[in-house]
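What follows is a short report on a single structure.
Read the figures in this text as sums done on the coordinates, not as results from a lab. In this text, all values refer to a predicted model and were calculated from it rather than measured experimentally. Using ideal geometry, Cβ is built from the backbone for each residue, glycine included, and neighbour counts are taken over all protein chains shown.
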Amino acid sequence: MEKTLTVLNKMLEEKLFEKYAIGGAIASIFYIQPLATYDLDIMILLDVNKSTLISLSPIYNWLEQKGYEAEKEHIIIEGIPVQFIPVYNDLVKEAVECAKEQNYETVITFVIKPEYLIAIMLDTGRTKDNERIVRFLEEAEIDFVLLEKILSKYNLIEKFKKFK
């Protein structure tokens, strides 16, 4: 994954997107025991206005020019299937903007903070997300003041109470 993250950082440097953060199950490995997953979810903040139709063509074209191939919704970067997910709501946008800088081996990367991951999983509400929330609450160091602030801001307090 180190080589994959190096490529992502090069893409950031070349301004293919404004910012990125690792989300999904791979983000979890920075906070809890590893989960089985197939791909690397990269949440990206693009420089577009709200009336613009979002196109990932510049990202796919850049990667294909470097010899990486598309496979369904993924691009295989250094052997790892990567899915680029443009921020799709204000919660995810804030999560990417507030991402934590982390080291993965010798590469600096950006990872969504656990409090935001919990809020996103709660908002999504899939069964596997609910199971992950339990793991986060049991294993990760959570800033509960920050979590409550996020849940309140995005109207997820009642959903969290029901979840608990």
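Express in whole angstrom the spacing between the alpha-carbon centres of the stretch 1-70 and the stretch 96-112.
12 Å
With viscosity set to 0.692 mPa s and temperature to 37 °C, compute the Stokes-Einstein D of the stretch 1-84, Rh being the Kirkwood radius across alpha carbon pairs; µm²/s, no decimals.
Rounded, D is 242 µm²/s.
What shape does the stretch 70-121 take by its C-alpha gyration tensor, where a ≥ b ≥ c are the square roots of the eigenvalues and a/c under 1.5 counts as rounded, a/b above b/c as prolate, and the rest as oblate?
Cα axes put the stretch 70-121 in the oblate bin.
Which residues make up the longest stretch of the chain that has no chymotrypsin sites (Phe, Trp or Tyr not before Pro) in a DSSP loop with at most 15 other Cβ atoms within 10 Å?
Of all site-free stretches, the longest is 89-164.
Would you mind counting up the charge near Glu14? Only other residues with Cβ under 14 Å from its Cβ, with Lys and Arg at +1 and Asp and Glu at -1.
+1
Classify the chain: rounded, prolate or oblate, from the alpha-carbon gyration tensor (a ≥ b ≥ c, eigenvalue square roots; a/c under 1.5 rounded; otherwise prolate if a/b is larger than b/c)?
prolate
Run the helix sum for the chain: -39,500 (n - 2.57) per DSSP H stretch of 4+ residues, divided by residue count, reported at 222 nm to the nearest 500 deg cm²/dmol.
-13000 deg cm²/dmol
Where does the charge balance sit around Leu35 when Lys and Arg score +1, Asp and Glu -1, over other residues with C-beta under 14 Å from its C-beta?
Counting the neighbours of Leu35, the net charge comes to -2.
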